[in-house]
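Let me begin by presenting the structure, written as structure tokens, before commenting on it.
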Amino acid sequence: MSGPHRVGVSLCRDFIFAGSTVVMLSIAKLYPDYWFVSCIALIPFLWHSSRIQCRETIRLGILAGICFILVTAEPVVSSDLLLKVLVYSLVFSLYGCAVSLFNRRIGYCAVYFAALWIPLEYVITYHLKWQHVLILPPESSQFSIKIGSLFGLITITFLVVLTNALLLRICKKILDTKPIPSRRPHSTRQYWIHIDTTVFVLHNIYSIPAGRAPPQCSLLSY
């Protein structure tokens, strides 16, 4: 496979995974009643980030950031729009790179992946005053009131990302399951060879004439 063709295939693959995540995030954003879609929205992004190199996650993050802004932001070209494209591309790239590094150095850990998202979400929400990337439950719901009053809304974000990572872990377990090998020590052909050999030996033993006597002990001594 030539170099340009390989790059094109990688771009298409990255676009599919990034686009899948953005589509689900946009559904949760446009239809707040379906906020629970955020609980599975990051699965394609996490899946692909955990399987590629860190430098490749930069391309994945840029595609995810551009697609997210094109789908969710108002179609008006401005400096604010360009800033959002830059920031969200940086956020997705950093998160994808961190997931790739942690997965290769430490292994898959859902708690780590959820914790890595918290600083990025905190900067977007509390410093830039933008909306959450992951749409959370309505603030009027009992879940948001109880968890938000005790630990803050950022904890709900942690739980949403943790749900994504745990569901991905379950999917990996299911897809990586291998069939249990057979415990038969020999194949059917070996059994038939063994049976044929036994029949041949028995036939030779019982075909000895009845008048013959067993060998003498003196002969056996030799």
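The values are calculated or read from the model by the stated rules, or taken from the named source; none is laboratory data. Remember, it's a predicted structure, so these values are computed and weren't measured experimentally. Please note: Cβ atoms are built from the backbone with ideal geometry, for glycine as well, and neighbour counts cover all protein chains shown.
In this structure, is ILE27 in contact with a Ser or Thr (Cβ under 7 Å, 6 or more places away or on another chain) and either free of Cβ contacts under 8 Å to residues at least 40 places away in the same chain or surrounded by fewer than 18 Cβ atoms within 10 Å (Cβ to Cβ) (or both)?
So ILE27 does not fit the description; no.
Is it the case, given these coordinates, that THR197 is of a type in the set (Val, Ile, Thr) and either assigned to a loop (DSSP other than H, G, I, E, B) or at pLDDT below 60 (or both)?
In short, yes.
Determine whether segment 33-43 contains at least one residue that is assigned to a helix (DSSP H, G or I), within 18 Å of TYR95 (Cβ to Cβ), touching a His at 6+ places or on another chain (Cβ under 8 Å) and in contact (Cβ under 8 Å) with a residue 24 or more places away in the chain.
There is no residue in segment 33-43 that is assigned to a helix (DSSP H, G or I), within 18 Å of TYR95 (Cβ to Cβ), touching a His at 6+ places or on another chain (Cβ under 8 Å) and in contact (Cβ under 8 Å) with a residue 24 or more places away in the chain.
Considering only segment 53-129, give the helices (runs of 4 or more DSSP H) lying wholly within it that have at least 2 residues that are closer than 18 Å to LYS29 by Cβ, more than 15 Å from the chain's Cα centre (by Cα) and aliphatic (A, V, I, L, M).
Counting at least 2 such residues, we get 54-72, 79-105.
Can you tell me which residues in segment 21-42 are under 19 Å from THR155 (Cα atoms) and modelled with pLDDT of 90 or more?
Passing the criteria: ILE40, ALA41, LEU42.
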